[in-house]
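So the structure is just underneath, and the comments pick up after that.
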Amino acid sequence: MTLDAAEPVRADDAPDPLDAAHRSIEYMYERGWTDGLPVVPATRELVDAFLATTSRSPEEVIGRLDHLKRQVTVEVAAINAVMAGCRPEYFPVVLAAWDALMAERSTVGGGWQSTSGPAPLIVVNGPVRARLGFNSTGGVFGPGFRANATVARTIGLIVRNPLGVVPHVLEQATQGVPGRWAMCVAENEEESPWEPFSVDGGVAAGVDAVSTTLVRTSEFVDNRHTGDPELLLGDFADTIARTGSWIFRHASAGVVFCPEHAQMLAAAGMSKADVRGWLLERSGRSKAELARAGKNGLSGNVRRQDDDGELEGFDRFFADDSPRNLPIIVAGARNAGISMVVRVFSSWSGAAVRIEPPR
Amino acid sequence: MFDRILDPTGLSARPTGAAVAARRVPSLKGARVGLLNNTKQNAAQLLAEIGKRLTERYGAVVTIQRTKGHVALPVEEPLLKEIAAVSDVVVTGVGDCGSCSASAAADGILFERAGIPAAVICSDAFEVTARAMAEVHGDPDFEILLTPHPVAVLDPAQVAARAAELAADVAARVSEAGR
């Protein structure tokens, strides 16, 4: 059997609705509207159900790339959310995630077109997690959970469709990032010893909120080896300061701690600020190590090879210990000491966005 | 039968621009050359070397060298006007990344619309994105001068050699006599 949007598969007079469903999927592939996976056809009725979940006007422009002459409205975002597989009640989360993303410096410049191929990391806080079924525990980086998967996917479809940043054309990622358009984690507030991540973004604990930043990749730190919090943090500092990720004078990196690691640090009396302060001091490389990677010198703010450079001394990875440069999140299962370092693309905006309550 | 499926691009009312090419200068002899550097590694050096060759070989005069405020976005209007005021032709680049190659193409089109013939230099690895951007800005056939990738890692002698290769193409792009 061949499957083609233009040709009915069955010739009889009583078409099987499943045939039409399959052909509609092919139709949307042919239009270039998908990220490579099948999408759900967006009809007026479905889109209206999504629009009914928000007080915002369908015509409101929520993002624009003036240099590409493209923009996205609330209604077009809803069309893409339907296509991504969202349920209507997820739409306020999509809008908040999008607004949080637009507060990032890179997303309104050329970030989506970049050879580095950055990806949003979306963090959900508040009662909305349980209400809509966002995963905050085992396998939090996905897949397997509709809310996490489809909210993240919607962002990718919006960048592709209304903003027009399509791979191999205006999108020039050299390799891209594993998990692009798929990273939406709910914070494990129940097992975190610290205040929610949204509090670092200015939204009170217990309020539904989304925070988003662009990241380049994620690298695990598996440490089930020590009960000493400083040795544990030393393991993180080593991964954080990997020279391959280090392009400018300073860099940013976030940590998504598993509950076990977070609880060990908190039991030693460390707040999130204490952890950031520790990592600020110890994350970095000696000048000699940087020289071996051709990154010991500086040309303006960009690292470069300096054959005559000083080999004594230590360069700090972070410019400071603000949550913007070192966001800390707690997510995952409490079953092992496995956490994730995430490579923040430039820096986090530092702003969480409230999710509109159900109407 | 899929008329009920809504379009996710929001493009139904997309405006289209028209291609506008500036009049070429008759020759580069005495022509004022503006150089617009997009901040990429080796861009300033390559443009300066091209300027030197346009001066030596064709009798042009480099009147202004400026750097864009944002590598990923098209040239700001005040900067465009500042350069256009003292230039008969403009050389810009180097398109050597995802967003800056696209914006370099847009810059060339903006200068052409302002009446200044423009040569845009781009790494050949970014040809597709530069052409896509030219289409976005209403001039799908806009000519982009390609140089082999990569540019950022070249040493000064290699940059000078690239400039030597590109100078005749730049002259052909912006002047009648160079064709």
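Annotation: of all residues in the stretch A:99-123 being within 14 Å of another protein chain (Cβ to nearest Cβ) and of a type in the set (A, V, I, L, M, F, W, C), the one that is farthest from the chain's Cα centre (by Cα) is A:Val108. Taken over the stretch B:146-176, residues that are out of contact with any Pro (no Cβ under 6 Å at 6 or more places or on another chain) and open to solvent by 10 Å² or more (accessible area, probe 1.4 Å) amount to 20. Say we look at the stretch B:127-145 and pick out the residues that are acidic (Asp, Glu) and farther than 15 Å from B:Val170 by Cα; which of these is surrounded by the most Cβ atoms within 10 Å (Cβ to Cβ)? Ranking the candidates gives B:Asp139 first. Residues of the stretch A:157-194 being among the hydrophobic types (A, V, I, L, M, F, W, C), touching a residue at least 12 places away in the same chain (Cβ under 8 Å) and within 14 Å of chain B (Cβ to nearest Cβ), which ones? Passing the criteria: A:Leu157, A:Ile158, A:Val159, A:Leu163, A:Val165, A:Val166, A:Leu170, A:Ala173, A:Val177. Report, by residue number, each residue of the stretch A:61-84 that is closer than 14 Å to A:Asp48 by Cα, open to solvent by 10 Å² or more (accessible area, probe 1.4 Å) and either of a type outside the set (Val, Ile, Thr) or more than 9 Å from every other protein chain (Cβ to nearest Cβ) (or both). Passing the criteria: only A:Glu75. The single residue among A:Gly133, A:Gly109, A:Gly142 that is surrounded by fewer than 20 Cβ atoms within 10 Å (Cβ to Cβ), among the small types (Gly, Ala, Ser), under 30 Å from B:Gly69 (Cα atoms) and free of Cβ contacts under 8 Å to residues at least 60 places away in the same chain turns out to be A:Gly109.
Yes/no matrix, rows are residues, columns are (1) surrounded by 17 or more Cβ atoms within 10 Å (Cβ to Cβ); (2) closer than 30 Å to A:Pro118 by Cβ; (3) of a type in the set (Gly, Ala, Ser):
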residue	(1), (2), (3)
B:Arg53	yes, no, no
B:Gln65	no, no, no
B:Ala84	yes, no, yes
B:Val91	yes, no, no
B:Ser99	yes, yes, yes
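Where helices (runs of 4 or more DSSP H) fall entirely within the stretch A:250-296, those with at least 3 residues that are modelled with pLDDT of 95 or more and within 23 Å of the chain's Cα centre (by Cα) are at A:259-267, A:272-282. Residues that are open to solvent by less than 40 Å² (accessible area, probe 1.4 Å) and more than 7 Å from every other protein chain (Cβ to nearest Cβ) within the stretch A:29-43 comprise A:Gly32, A:Thr34, A:Val39, listed in sequence order. Residues of the stretch A:177-220 that are assigned to a loop (DSSP other than H, G, I, E, B), open to solvent by 30 Å² or more (accessible area, probe 1.4 Å) and closer than 18 Å to A:Ser114 by Cα: A:Pro178, A:Gly179, A:Arg180, A:Trp181. Of all residue pairs spaced 6 or more apart or on separate chains, those with beta-carbon atoms under 9 Å, a first member in the stretch A:245-270 that is closer than 22 Å to A:Pro229 by Cα and of a type in the set (Val, Ile, Thr) and a second member that is open to solvent by 10 Å² or more (accessible area, probe 1.4 Å) and in a strand (DSSP E or B) are A:Val255/A:Met340; A:Val256/A:Ser218; A:Val256/A:Met340. For B:Arg23, all conditions in the list (1) without any contact (Cβ under 8 Å) to a residue 60 or more places away in the chain; (2) surrounded by fewer than 13 Cβ atoms within 10 Å (Cβ to Cβ) hold save one; what is the number of the exception? Just one mismatch for B:Arg23, condition (1).
Summed over the stretch B:111-126, residues that are within 11 Å of chain A (Cβ to nearest Cβ) and open to solvent by 20 Å² or more (accessible area, probe 1.4 Å) total 1. Taken over the stretch A:135-157, residues that are over 11 Å from the mean Cα position of the chain (by Cα) and of a type in the set (A, V, I, L, M, F, W, C) amount to 5. Looking across the stretch B:133-149, the residues that are closer than 28 Å to A:Leu163 by Cα and in a loop (DSSP other than H, G, I, E, B) come down to B:His137, B:Gly138, B:Asp139, B:Pro140, B:Asp141, B:Phe142, B:Glu143, B:Ile144, B:His149. Look through B:Pro140, B:Pro148 and report the one residue that is within 14 Å of another protein chain (Cβ to nearest Cβ) and touching a residue at least 12 places away in the same chain (Cβ under 8 Å). Every option except B:Pro140 fails the conditions. Residues that are modelled with pLDDT under 95 and within 30 Å of A:Phe248 (Cα to Cα) number at least 3 in the following helices (runs of 4 or more DSSP H) confined to the stretch B:14-115: B:98-113.
Yes or no, residue by residue, for (1) more than 14 Å from every other protein chain (Cβ to nearest Cβ); (2) surrounded by 18 or more Cβ atoms within 10 Å (Cβ to Cβ); (3) among the β-branched types (Val, Ile, Thr):
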residue: A:Pro259; (1), (2), (3): yes, yes, no
residue: A:Arg276; (1), (2), (3): yes, yes, no
residue: A:Leu290; (1), (2), (3): yes, yes, no
residue: A:Phe314; (1), (2), (3): yes, no, no
residue: A:Asn325; (1), (2), (3): yes, yes, no
residue: A:Ile328; (1), (2), (3): yes, yes, yes
residue: A:Asn335; (1), (2), (3): yes, no, no
residue: A:Arg343; (1), (2), (3): yes, yes, no
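Among the residues making up the stretch A:330-359, those that are of a type outside the set (S, T, N, Q) and closer than 24 Å to A:Ile247 by Cα are A:Met340, A:Val341, A:Val342, A:Arg343, A:Val344, A:Phe345, A:Trp348, A:Gly350.
Restricting attention to the stretch A:44-60, report how many residues are within 24 Å of B:Asp3 (Cβ to Cβ), open to solvent by 30 Å² or more (accessible area, probe 1.4 Å) and either touching a residue at least 40 places away in the same chain (Cβ under 8 Å) or in a helix (DSSP H, G or I) (or both). Qualifying residue count for the region: 6.
The values are calculated or read from the model by the stated rules, or taken from the named source; none is laboratory data. Just so you know, these numbers come straight off a predicted model, no measurement behind them. A quick note on method: Cβ atoms are made from the backbone with ideal geometry, for glycine too, and the neighbour counts reach across all protein chains shown. Just so you know, the surface numbers come from the protein's heavy atoms only, side chains and all, with ligands and any DNA or RNA stripped out. Shrake-Rupley method; radii C 1.70, N 1.55, O 1.52, S 1.80 Å.
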